[in-house]
Amino acid sequence: MHLEIDIEKENKQITQQYKKLLRTSYQTLSDQDKKQIRLAFDIALDAHKDQRRKSGEAYIFHPIAVAQLVAQEIGLDGVSIAAALLHDVVEDSDYTLNDIERLFGENVAKIVNGLTKISSLKKDKELSLQAENFRKMLLTLHDDVRVIIIKIADRYHNMLTLDSMKREKQVKIASETLYIYAPLAHRIGLYNIKTALEDLSLKYTEPMVYHDIKAKIESTQKDQGSYIRSFTNKVKSALEQQEIEFEIKGRTKSIFSIRKKMLAQNVNFEEIYDKFAIRIIYKSDTEQEKFLAWKIYSIITDHFTPNPVRLRDWITQPKSTGYEALHVTVMGPHKRWIEVQIRSERMHEIAEKGYAAHYKYKHGEQKDIGIEHWLNRLQEALENSNGNAVDFVEEFKLNLYSKEIFVFTPNGELISLPKDATPLDFAFHIHTEIGLKTRGARVNQKLVPLSTKLNSGDTVEIITSEGVKPNSSWLNYCVTARATARIKSSLNAEKKRIAEDGKEILRRKLRSQKIKFNEDTINRLVSFFKLKTSLDLFYRIGIGTIDNQMIKSFSSSYHNTLFNFFTSKIKRPSTVKNNVSNDEVSKNYDLLVFGSDEDKLDYSFAECCKPIPGDDVFGFITINDGIRVHKTDCPNALSLQSKFSYRIIKAKWIDSTQEDFEAEIILTGIDHLGMINDLTRIISDNLHVNIKSINFTSESGVFEGSIKVLVKSNVILSKLISKLQKVEGIDKINRK
């Protein structure tokens, strides 16, 4: 009897939650929407009828709660609410995707399919790295952005009900939330949910820290209320005199952000001065919004001294997430700096609801800005990502959280780029072909290096040339995923083209040595020169790092059966007869570099996966043992990535032939018309060499000059000098 009463009570609660869902929806629901949502509710109720959560409550409460978040907190439409109710149905019951499409149509089915794909990632035993899951999850965005928004709501509700889980499960889910879902919520404009996800994650990853800061915030609530009143009293009458309808609220900074500031500034809670901000929300029609914002700004700064370097104008140029507001930091009552956020009601809705509110208000040309623009960029980054998943996620997270700058094209068009972007990022943002043909850049009509960091307000002009190709140093000059992906793709294409030439050169040289060109020979060559792949071999031959003498050394070992026996059974010698060491080809191939700046740091290999040179790896900064290097498919990678993403550092093996080295050539001779053109043509066209600088002086028909070049090896430099000596008029050439 007791069980029947409980079930009856539970059924009443389920019905109440469903009615609340319809009643509190942000969007206006049509009769058709309500009919579809009712059907979705009935099917979800049936599909989950025998399921219970870890807490013991009926499972159906979870999809209803997710739908409630989607409807009220995020503000999506009827299709999204129905999809949220159904998000676990295909995975947990006998209902199929075809059933969903037949009953609800293509849109709901597409969203449910995307959500089912994300859920199934966790069960894929091949994917031990959370980063790879993240990349594949993002691919579902291609179909419908609502997939990822509902997934964020799903994760948010799971975080709200995490108490019933085991401690280790709590830490794993919380860490994963901090690593993936909070940055995504931030980028989509769901700032409230992003903040809640960060705070909830801290609650389970560092519970003592979380509860300590929470208690201190609660103890200062009275002081905060008093401070807001003293601020309001100063400006209230001035705002009312201007007949502005407004509301002033205080907003406490999140526990997570306070913790972050405490760590960054190495201070305690009491020393953080900007623990809360004041928000002025005013009523206005669209035409008066901007005017009133600046009017309120003027009134505030009449009463309080502003900090001029802390003015943030996201009304004139909204963030790419759609966020609009005017932020000003002023010296408030009691001589304390306080941030004041000025927003219209419309702007406030966009800040609270993100994507949904932004598109509620969009019209005309606005339809192409914001989230859709970002999603297009994201899709390009996903499709052109050639690196491992760890590299991709670290780059992607930089773009998720990056602050924006706004620069101008020569025609006056405003372009949004991440902070620290360079002219190369700008060029690739405009068009891939412009990026690939970038020869130089002017910023504010002045020639600047391609590595120059742009600032808001700069006017950027790109100088292009048909003869220019990207080189590996470009990767150090860009921060956007788009530019990085395009440069890597171009470099790989160039490497393959050179490798094709190298393959034909090798074929001819082996023929002259009476050695068959076949798979066995190629494998032996790869092994002999301590390389990883045949592509490495062909490329080195193509650029001349492996020359005739070195191939003859291989030939002599190939034809000497006894030598072959000893090298295979005992030990390969470290030197060859022509005094060119095999290690000279790949002496740096076993060198690991770390981070974006490719620093050479001390490290040790992890015992759990034992990486070897050439494996895809990442560095993990330990507490006591420095940097430990793990393979990206290491069994422990998932745990490290989720729990300690802030201690992960990118790592890669350096291949010596991919690196450029600077050399200076000193030339003297008899000057003639076109001399410099002849020299630069030989350098640029024939030997895959880049000119860094050139300096010539001529007097009475005799010239003296120096050329700084970037080369991949001394073999190439020797060949270059040999070719230059044949130019008419050259007397002497020396390497400095």
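Points worth noting:
- Options Gln36, Gln27, Gln51: the member that is modelled with pLDDT under 85, under 19 Å from Tyr95 (Cβ atoms) and either surrounded by 12 or more Cβ atoms within 10 Å (Cβ to Cβ) or among the β-branched types (Val, Ile, Thr) (or both): Gln51
- Residue within region 481-489 that is assigned to a helix (DSSP H, G or I), within 21 Å of the chain's Cα centre (by Cα) and within 17 Å of Asn690 (Cβ to Cβ) present: yes
- Across region 231-242, the number of residues qualifying as assigned to a helix (DSSP H, G or I) and surrounded by 12 or more Cβ atoms within 10 Å (Cβ to Cβ) comes to 7.
- Just one of (1) touching a helix residue (DSSP H, G or I) at 6+ places or on another chain (Cβ under 8 Å); (2) not assigned by TED's automatic domain parsing to the domain that holds Phe538 fails for Phe517. It is (2).
- When every residue of region 284-295 is checked against the conditions, none turns out to be over 21 Å from Ala325 (Cβ atoms), surrounded by 13 or more Cβ atoms within 10 Å (Cβ to Cβ) and in contact with a helix residue (DSSP H, G or I) (Cβ under 9 Å, 6 or more places away or on another chain).
- Subset of region 243-269 that is in contact with a Phe, Trp or Tyr (Cβ under 9 Å, 6 or more places away or on another chain) and assigned to a helix (DSSP H, G or I) - its residue that is surrounded by the fewest Cβ atoms within 10 Å (Cβ to Cβ): Met262
- Condition check for Glu324: in contact with a strand residue (DSSP E or B) (Cβ under 8 Å, 6 or more places away or on another chain), in a loop (DSSP other than H, G, I, E, B) and either in the same structural domain as Ala196 (by TED's automatic domain parsing) or among the charged types (D, E, K, R) (or both): yes
- Considering Ile515, Ile505, Ile498, the condition of being in contact (Cβ under 8 Å) with a residue 24 or more places away in the chain and outside any helix (DSSP H, G or I) is satisfied by Ile515 alone.
- Residue in region 38-51 that is within 23 Å of Glu352 (Cβ to Cβ), of a type in the set (Val, Ile, Thr) and in contact (Cβ under 8 Å) with a residue 40 or more places away in the chain present: no
- Of all the numbered requirements in (1) modelled with pLDDT of 80 or more; (2) buried (at least 18 other Cβ atoms within 10 Å of the Cβ), Pro449 misses one, and that requirement is (2).
- For region 296-321, filtering for residues that are of a type in the set (Val, Ile, Thr), surrounded by fewer than 16 Cβ atoms within 10 Å (Cβ to Cβ) and not in a loop (DSSP other than H, G, I, E, B) leaves 3.
- Hey, Thr321 touching an Asp or Glu at 6+ places or on another chain (Cβ under 6 Å) and at pLDDT below 90 or not: no
- Any hit, region 176-191, residues being assigned to a helix (DSSP H, G or I) and more than 18 Å from Asp154 (Cβ to Cβ): yes
- If you go through region 450-470 and pick out every residue that is in a loop (DSSP other than H, G, I, E, B) and under 30 Å from Thr316 (Cα atoms), you end up with 9.
The values are calculated or read from the model by the stated rules, or taken from the named source; none is laboratory data. The model shown is predicted, which means the values in this text are computed figures rather than measured ones. In this analysis, Cβ positions are derived from the backbone assuming ideal geometry, glycine residues included, and neighbour counts consider all displayed protein chains.
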